[in-house]
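As structure tokens, the structure follows; a few thoughts come after it.
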Amino acid sequence: MNAKKFFSTVLPVMFGFIIMSFVDLAGIAANYAKESFEVSDTVSKLLAVACFIWFLLLSVPTGIAMNKWGRKPLVIVSFIVTMAGMLVPVAFMDSFAAILVAFCLLGVGNTILQVALNPLVQDVVGKDGLTGTLTIGQALKATMSLITPILLPIFASAFGHWQLAFLIFAAISLVALVWLAFAPVEKKIDPNANLSVLGTVALLKDKTILLFFIAILILVGVDVGTSATLPRLLQEKAGLSLDQGTALTSFYFAAKALAAFAGGVLLMKTSERSFYAISSVLALAGLLLMLLGSGKGLIIGGVIVFGAGYANLFSIIFGLALKHAPDRSNEVSALLITGVAGGAIVTPLLGVVYESFGTYNASVVLLAAIFIYVLALIGLVNRTSRE
């Protein structure tokens, strides 16, 4: 690929992963909403439900729409919806309902984006470089996520309104919208495809797709659950304030970003098999260290280990699923992105577990127990990577 094509087509598409990172606001903002509006832990976790439930409801319809209207137009629509969502908390800063509306819009925009962006990446880089490129995209997403736990405490301290930070996310959405709109990315539509909701869901009859779908549910649920639990875990076990705990969440996203960039480069040249096995074991070890650690250093060390292990898992699963059924990539993408609704399932469970046991250690136990499923897929990943 020549440099001109890279800068004119690949970069505008890859910038979409920056917008995709905004979904990480759900876990972090829940902690601020709990304090600002004096709601329970379970109620604050409704922000994650408001955001992630749309992945369950809209992913498959988006896949059908993508085949009708094309991938690039839908990505642009996702930027518009996201930008609108980021402006709502600024307009109604004293309303918890407005925060819920904002995260509903963020969820709708992010659902459309995640369904359409991954196949759009395949359009511009081809099949051979897909897994590595998706991993680099996840690295970009994690890099942007580094900023979120830093911005919210800054705005909360300096201006008294953490919601003002959403203006920055709205501005970034506008940049992404304009850049992709003028990028010479081909609009690809398959006029012979006959997609339907039932036909897409029927892909679950394929055992490989089914198991990968469950893996996405768990991976996203554990990811969002970790970012939501970590600040409170640091408050409980290390005596930190919410602002301090939230700021230290950046170590998690930094670990994911660095590991994903390294993985993206290496996955261009090597098989997914060893990466998946090592990464999944490392991630579980990190969760156990978070659980057993009694001070700030050990807990942060655990989250760094978990982030480094987690970084490449989503893109490996997603890339292998697309390769497993390349002739149905739109449907596979839509179906797997439905699994991002795991954030709406796991996060409220963490709130219930905490209120039942009165400790955030119980939440980490739940995360580690769920994550064992990811390790159980090592054999399937080995077989699928050879196809």
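Summary table below
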| item | result |
| --- | --- |
| Residue check for residue 336: within 19 Å of residue 289 (Cα to Cα), buried (at least 24 other Cβ atoms within 10 Å of the Cβ) and touching a residue at least 60 places away in the same chain (Cβ under 8 Å) | no |
| Identity of the residue in the range 33-58, of a type in the set (Phe, Trp, Tyr) and open to solvent by 10 Å² or more (accessible area, probe 1.4 Å), that ends up farthest from residue 230 (Cα to Cα) | 54 |
| Cβ-Cβ under 8 Å pairs, at least 6 apart or on other chains, the range 104-117 side at positive phi and part of a helix (DSSP H, G or I), far side polar (S, T, N, Q) and open to solvent by 10 Å² or more (accessible area, probe 1.4 Å) | none |
| Some residue of the range 267-288 being under 19 Å from residue 24 (Cα atoms) and β-branched (Val, Ile, Thr) | no |
| Residues (modelled with pLDDT under 85 and either closer than 13 Å to residue 32 by Cα or within 16 Å of the chain's Cα centre (by Cα) (or both)) located in the range 245-260 | 245, 246, 247, 249, 250, 253, 257, 260 |
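The values are calculated or read from the model by the stated rules, or taken from the named source; none is laboratory data. Computed from a prediction, not measured in an experiment: that's the story for all the values here. When we count neighbours, we look across all protein chains shown, and the Cβ atoms used for this are built from the backbone with ideal geometry, even at glycine. Only protein heavy atoms, including side chains, enter the accessible area calculation; ligands, DNA and RNA are left aside. Shrake-Rupley method; radii C 1.70, N 1.55, O 1.52, S 1.80 Å.
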